Number of protein chains: 2
Amino acid sequence: MTRATAAIPAIKSSPGGGRRGMKPSVVAYKRERILAAASALIHAKGYEAATLDMVAEQLHVTKPFLYTYFRNKGDILAAICEVGVTESLSALDRVAQVPGTSFDRLRAALVEVADIIVHRHEYVVVYQREMMNLDRANAQRLIRLRHEFDLRIGKLIEACVEEGLIALPDAASMSVWIGGLLSWITYIYRPGGRRNREAVIQEVVGASLRMLGLDADGRLLVPQQRD
Amino acid sequence: MTRATAAIPAIKSSPGGGRRGMKPSVVAYKRERILAAASALIHAKGYEAATLDMVAEQLHVTKPFLYTYFRNKGDILAAICEVGVTESLSALDRVAQVPGTSFDRLRAALVEVADIIVHRHEYVVVYQREMMNLDRANAQRLIRLRHEFDLRIGKLIEACVEEGLIALPDAASMSVWIGGLLSWITYIYRPGGRRNREAVIQEVVGASLRMLGLDADGRLLVPQQRD
DNA sequence: GTGATAGGCTACTCTTGAGTAGTTTTTATC
DNA sequence: GATAAAAACTACTCAAGAGTAGCCTATCAC
């Protein structure tokens with residue numbers, strides 16, 4: 001891991017480096033590097049076509065090296081798949097602290113998650129496409145996490161309904177469709193593509209809110225009076 | 001192909017059976033059977049994990065049999081991937097004949113395509129997940145078809161805008177998000193799942209129209225006046 | 001019944017990639 | 001600078017599956 005090792009000093013100043021030994025954070029760093037390389041490769045070629053030898057080569061390392069940081073290929077995939085959902089869930093934790101109305105929190109949640117999906121593009125695509133290659137245990141865990149995410153979006157919506165900010169009947173069931181719209185970002189936005197990152201986020205947030213019968217500022221949308 | 005052969009008589013009465021030899025339609029039928037089996041397997045296990053030996057076994061046939069109807073595994077995948085888009089495009093052709101306003105045609109298109117996605121569930125999932133395993137030529141063809149689909153949905157939207165039925169600025173660019181919502185059906189609806197087929201279609205059509213600023217009957221949605 | 005042919009099968013080859021056993025190099029410590 | 005331990009590498013094994021060469025058999029024309 002010639003190059004990775006050379007890059008390690010950057011971590012010295014990172015938090016969590018206790019006075020005695022920075023081993024844990026170095027290990028975490030190496031794992032992250034492996035995941036980034038694997039994720040890029042799997043994103044480009046697909047799970048089966050992306051071999052561990054290729055991952056190793058990209059890092060200027062050898063295959064057995066990878067096996068000291070992950071038990072097997074499946075565990076690498078699982079770790080990649082977790083990133084998006086995990087980060088989204090902690091974003092929801094953060095958002096819960098946002099002051100204002102439930103609408104403010106809902107919109108903040110949408111923006112935050114859209115942002116994560118845009119930033120973690122490759123990880124999310126791999127999650128969507130390759131989840132099924134996970135072994136039973138990892139798959140279950142991922143499904144639970146995803147379910148929790150939908151549930152919490154649903155709760156944010158319900159809070160809006162209770163405050164009278166949303167009028168749509170059965171609005172909470174829209175959470176899965178909002179999840180779909182958010183996931184679809186990966187098909188619309190590609191890093192280096194012609195679409196603008198912020199514009200995509202704004203579009204998806206606006207579309208999600210309209211699905212809930214709200215405009216971008218949280219005003220209720222109602223059928224226009226015929227004249 | 002013991003079982004398939006036994007089932008062939010059903011085809012005798014099918015259209016296209018010229019007076020001399022029903023060979024072409026028999027071949028088409030066998031190809032379809034192969035695709036159905038392969039699609040189910042790939043849907044369940046993923047492209048790489050689904051082996052041709054398994055496909056053959058499911059049909060009570062052997063692997064070389066498959067090779068007389070398809071050049072290789074990739075061609076089978078390509079044929080599966082095409083189904084959803086191709087059928088959707090011909091649905092759009094049909095819909096163009098629908099009398100009434102542009103809104104009627106747009107809604108009809110959404111319903112038809114949603115219906116296809118629900119019916120061809122497995123094919124569509126495979127398309128979404130495994131497209132990247134296609135060789136360059138097949139991939140290009142598929143992308144073009146998909147692009148055409150988005151374009152034509154965009155045109156249906158534009159027609160509504162021109163007739164003054166939609167007020168949303170840049171409404172045509174919503175076509176990709178509608179495509180996303182339609183694709184998401186595959187995550188929401190599973191044959192045999194607890195969700196009702198018609199309800200799902202209604203939900204997705206309603207959500208799509210709300211994204212365009214319309215209610216289910218095509219009435220414009222406008223911000224409610226503050227009191 | 002005999003011969004020709006399409007349709008299908010048996011029994012391979014050959015490649016590729018996951019995972020590992022055992023060895024070498026680097027680093028840290030005295 | 002000797003020594004121990006950690007980190008990484010070399011050089012495999014082993015399994016699995018895509019694709020194929022060549023054989024077998026049912027069917028049909030005559």
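The values are calculated or read from the model by the stated rules, or taken from the named source; none is laboratory data. Nothing here was measured: the structure is a model prediction, and the numbers come from that model. When we count neighbours, we look across all protein chains shown, and the Cβ atoms used for this are built from the backbone with ideal geometry, even at glycine. Keep in mind that these areas ignore ligands, DNA and RNA; they rest on the heavy atoms of the full protein, side chains included. Shrake-Rupley method; radii C 1.70, N 1.55, O 1.52, S 1.80 Å.
Under a crude label model (7 Å from the Cα following the beta-carbon direction), how far is B:Gln58 from A:Tyr187 in nanometres?
For B:Gln58 paired with A:Tyr187, the spin-label model returns 2.3 nm.
Using a 1.4 Å probe over the heavy atoms of the protein chains, calculate the carbon and sulfur portion of the accessible area of the protein assembly as shown as a whole percent.
Whole-percent figure for carbon plus sulfur exposure: 53.
Helix A:136-162: angle to the longest alpha-carbon principal axis of chain A, degrees 0 to 90, nearest 10?
The angle comes out near 30 degrees.
I'd like the FRET efficiency for A:Leu151 and B:Glu48, computed as 1/(1 + (r/R0)^6) with the beta carbon distance as r and R0 of 30 Å, rounded to 0.05.
After rounding, the FRET efficiency stands at 0.35.
Calculate the mean, over all residues of peptide A:208-221, of how many other protein chain Cβ atoms lie within 10 angstrom of the residue's Cβ.
What the average comes to for A:208-221 is 4.
List, in the order given, every pair from A:Lys73/B:Lys30; A:Lys45/B:Lys45; A:Lys73/B:Lys73; A:Lys45/B:Lys30; A:Lys45/A:Lys73; B:Lys30/B:Lys73 whose Cα-Cα distance in the structure shown is over 26 Å.
A:Lys73/B:Lys30; A:Lys45/B:Lys30
So what does log10 I(q)/I(0) come out to for the protein assembly as shown at q = 0.06, 0.11 Å⁻¹, using the Debye formula with one equal point on every Cα and no solvent?
Once normalised to I(0) and log-transformed, intensities are -0.32, -0.99.
Evaluate the distance, in nm, between pseudo-label points positioned 7 Å from the Cα of B:Val27 and of B:Gln202 along their respective Cα→Cβ axes.
Spacing of the two 7 Å Cα→Cβ label points: 4.7 nm.
Between B:Gln140 and A:Arg136, what FRET efficiency comes out of the Förster formula 1/(1 + (r/R0)^6) with R0 = 45 Å and r the beta carbon distance, rounded to 0.05?
Efficiency, rounded to the nearest 0.05: 0.75.
Output the relative contact order of chain B, whole-number percent, from Cα pairs under 8 angstrom with separation of 6+ residues.
RCO, chain B: 17 percent.
Would you mind giving the total buried accessible surface between chains A and B, with a 1.4 Å probe and ligands, DNA and RNA left out, rounded to the nearest 100 Å²?
Chains A and B together bury approximately 3400 Å².
Assuming 0.890 mPa s and 25 °C, estimate D for chain B with Stokes-Einstein, Rh taken as the Kirkwood radius over Cα pairs, in µm²/s.
Estimated diffusion coefficient is 125 µm²/s.
Among B:Val98, B:Leu181, B:Tyr67, whose Cα lies farthest out toward the positive end of the dipole of chain B, if unit charges sit on the beta carbon of Lys, Arg (+1) and Asp, Glu (-1)?
B:Tyr67
Roughly how crowded by other chains is peptide A:43-54, in terms of the mean Cβ count from those chains within 10 Å of each of its Cβ atoms?
Mean partner-chain Cβ count within 10 Å for A:43-54: 2.
Residue farthest toward the positive end of the dipole of chain A, with Cβ of Lys/Arg at +1 and Asp/Glu at -1: which of A:Asn196, A:Met131, A:Ala50?
A:Ala50
Mind ordering B:161-170, B:50-59, A:176-185 by average Cβ neighbours within 10 Å, highest first?
Highest mean packing first, the order is A:176-185, B:50-59, B:161-170.
Give me the net charge of B:Glu87's neighbourhood, meaning all other residues with Cβ under 11 Å from the Cβ of B:Glu87; Lys, Arg count +1, Asp, Glu -1.
-2
Mind checking the mean number of beta-carbon atoms from other chains within 10 Å of the Cβ atoms in B:171-183?
That works out to 4 on average.
Once R0 is set to 41 Å, what does the formula 1/(1 + (r/R0)^6) return for the Cβ-Cβ distance between A:Val222 and B:Asp93, expressed as a FRET efficiency to the nearest 0.05?
It comes out at approximately 0.70.
Grab the other residues whose beta carbon is less than 10 angstrom from that of B:Leu221, score K and R as +1, D and E as -1, and report the net.
Around B:Leu221, the charge tally is +1.
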